[in-house]
1. All but one of (1) surrounded by 13 or more Cβ atoms within 10 Å (Cβ to Cβ); (2) in a helix (DSSP H, G or I) hold for T39; state the number of the condition that does not hold.
2. Which count do you get for residues in the stretch 53-73 that are surrounded by fewer than 13 Cβ atoms within 10 Å (Cβ to Cβ) and within 14 Å of K15 (Cα to Cα)?
3. Would you confirm, using the coordinates I've provided, whether G50 is surrounded by 13 or more Cβ atoms within 10 Å (Cβ to Cβ), modelled with pLDDT under 95 and either not in a loop (DSSP other than H, G, I, E, B) or not polar (S, T, N, Q) (or both)?
4. Just give me the residues in the stretch 17-29 being under 19 Å from S69 (Cα atoms) and either polar (S, T, N, Q) or within 10 Å of the chain's Cα centre (by Cα) (or both), in sequence order.
5. Restricting attention to the stretch 53-81, which residues are part of a helix (DSSP H, G or I) and without any contact (Cβ under 8 Å) to a residue 24 or more places away in the chain?
Amino acid sequence: MTILTTSAADAMNQKIGRRVRNLMFGKMTQSELADRIGTDQSGMSRRIHGKTEFSPFELKVTAESLGVSVDALFADTHPSD
């Protein structure tokens with residue numbers, strides 16, 4: 001089991017947030033995705049800016065909503081690569 005340090009966890013949250021923002025672009029708004037995962041727009045904003053972690057459930061629903069695998073949310077490449 002790997003335990004991330006605070007700075008590593010923050011970096012991972014920011015990476016996932018950037019990836020979700022890129023995947024959302026032109027497809028849905030923060031409010032629309034927020035509704036799907038059961039939060040509000042400000043909660044979604046905190047998640048996609050790396051200020052709040054996505055829960056495992058939220059990652060699953062986010063990936064499904066964006067038409068990608070959960071693994072794709074952790075990818076280093078741009079969605080069109």
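1. All conditions pass for T39, except number (2).
2. Selection size over the stretch 53-73: 1.
3. yes
4. Of everything in the stretch 17-29, those that are under 19 Å from S69 (Cα atoms) and either polar (S, T, N, Q) or within 10 Å of the chain's Cα centre (by Cα) (or both) turn out to be G17, R18, R19, V20, R21, N22, L23, M24.
5. Correct list: P56, F57, E58, K60, A63, E64, D71.
The values are calculated or read from the model by the stated rules, or taken from the named source; none is laboratory data. Keep in mind that what you see is a predicted model, and the values were worked out from it rather than measured. All Cβ positions, glycine included, derive from the backbone under ideal geometry; neighbour counts span all protein chains shown.
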